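The values are calculated or read from the model by the stated rules, or taken from the named source; none is laboratory data. Keep in mind the model is a prediction, meaning the values are calculated, not measured. Virtual Cβ from ideal backbone geometry, glycine too; neighbours counted across all protein chains shown.
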Amino acid sequence: MSATVLVQTQGISRRYGGLMAVSGLDMEVRAGEILGLIGPNGAGKSTTFNLISGFVKPTQGRLFIDGMDVTGASPTRISKLGLVRTFQHGSLMKTLTVRDNLLIGAIGATRAGQGTERRARVAEAAAMLGLESHMQEIAGNLPHGLQRLVSIAIAFAVHPRILCLDEPLTGLNQTEAAHALGVFRQIRDKYGCAILLVEHNMKAVMAVCERIIVLHHGQLLATGTPAEIRANQSVVDAYLGVRHAR
Ligand SMILES: Nc1ncnc2c1ncn2[C@@H]1O[C@H](COP(=O)(O)OP(=O)(O)OP(=O)(O)O)[C@@H](O)[C@H]1O
Ligand SMILES: [Mg+2]
């Protein structure tokens, strides 16, 4: 039996002037999987996130969530359908406390009068990301690694079905990165949430992802298991070999 497809793009493209940031991309995110999205700087990974989360409209192609055509839908509508993303350069309100940041995620996903549910989500997200002892601190004063975890906790408080993380491990030390990877697995295992992970940390991607999509110059270069991707000569030439040679 084939896995349920939650998100599907058909020939999705985004042009900026003369540049095709993403070009004719067909990809899918399946229920409960941890899917990696990798490729060199400028390959179109963040633009793909922008397209599937509604922050940027495609110049061509279609976007489906649960088989429903949602091309051109707003970020709010898409997050209500369960797709929530973090931003590469941080998704938190630096002048607010950690608790208030998590509340923003919980409020966005609940209705007025659901205070108990909101508090429960804040507590759950704090526990999941190990932030309980930092709840009263101003988010912008936290070390970079913890700020990354707050960004993920805000998204988690929305109770996504598809959680899209754009370089969540940037600036984390090895211990923090290992902890974060454990959290990603737990979010998937406990809540059945699919995770789409953009990362340049190849060790982490290869360890945690079941499937990987490789972009190059805005186009799909390869899709496969970590072993298949590592053994793919065009991926090695375009990206992995370059990284290893650094
Ligand atoms: N708003 C924009 N206006 C103009 N060009 C853009 C815009 N957003 C992205 N681009 C261009 O599109 C291309 C893809 O960018 P994108 O940010 O998607 O790459 P990326 O794969 O996320 O790279 P990185 O690994 O460096 O984060 C780049 O050449 C970038 O300069
Ligand atoms: Mg990017």
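Checked against the criterion of being surrounded by 16 or more Cβ atoms within 10 Å (Cβ to Cβ) and out of contact with any Lys or Arg (no Cβ under 9 Å at 6 or more places or on another chain), the range 110-118 contains one or more residues that satisfy it. For residue 28, the requirement of being away from ligand 2 (no atom under 15 Å from the Cβ), modelled with pLDDT of 95 or more, within 26 Å of residue 233 (Cα to Cα) and touching an Asp or Glu at 6+ places or on another chain (Cβ under 6 Å) is not met. Restricting 90, 54 to those that are part of a loop (DSSP other than H, G, I, E, B), surrounded by fewer than 19 Cβ atoms within 10 Å (Cβ to Cβ) and within 16 Å of ligand 1 (Cβ to nearest atom) reduces the list to 90. Screening the range 156-243 for strands (runs of 3 or more DSSP E) wholly inside it with 1 or more residues that are among the small types (Gly, Ala, Ser) and crowded, with 17+ Cβ neighbours inside 10 Å returns the ranges 194-198, 219-224. Restricting 130, 108, 171, 140 to those that are within 19 Å of residue 195 (Cβ to Cβ) and either away from ligand 2 (no atom under 16 Å from the Cβ) or in contact with a helix residue (DSSP H, G or I) (Cβ under 6 Å, 6 or more places away or on another chain) (or both) reduces the list to 130. With respect to the conditions (1) touching a strand residue (DSSP E or B) at 6+ places or on another chain (Cβ under 8 Å); (2) free of Cβ contacts under 8 Å to residues at least 40 places away in the same chain; (3) among the acidic types (Asp, Glu), residue 176 falls short on a single one, namely (1).
Checked against the criterion of being without any contact (Cβ under 8 Å) to a residue 60 or more places away in the chain, more than 19 Å from residue 211 (Cβ to Cβ) and buried (at least 22 other Cβ atoms within 10 Å of the Cβ), the range 17-40 has no qualifying residue.
Yes or no, residue by residue, for (1) within 16 Å of ligand 2 (Cβ to nearest atom); (2) at pLDDT below 95; (3) not small (Gly, Ala, Ser):
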position: 21; (1), (2), (3): yes, no, no
position: 37; (1), (2), (3): yes, no, yes
position: 45; (1), (2), (3): yes, no, yes
position: 51; (1), (2), (3): yes, no, yes
position: 54; (1), (2), (3): no, no, no
position: 70; (1), (2), (3): no, no, yes
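Taking every residue in the range 42-53 that is aromatic (Phe, Trp, Tyr) and pairing it with any residue that is near ligand 2 (Cβ under 8 Å from one of its atoms), at least 6 positions away or on another chain, the pairs with Cβ-Cβ distances below 8 Å are 49/166; 49/198.
Once the range 29-50 is narrowed to residues that are in contact with a Leu (Cβ under 7 Å, 6 or more places away or on another chain) and farther than 24 Å from residue 242 by Cβ, the residue that is nearest to ligand 1 (Cβ to nearest atom) is 29.
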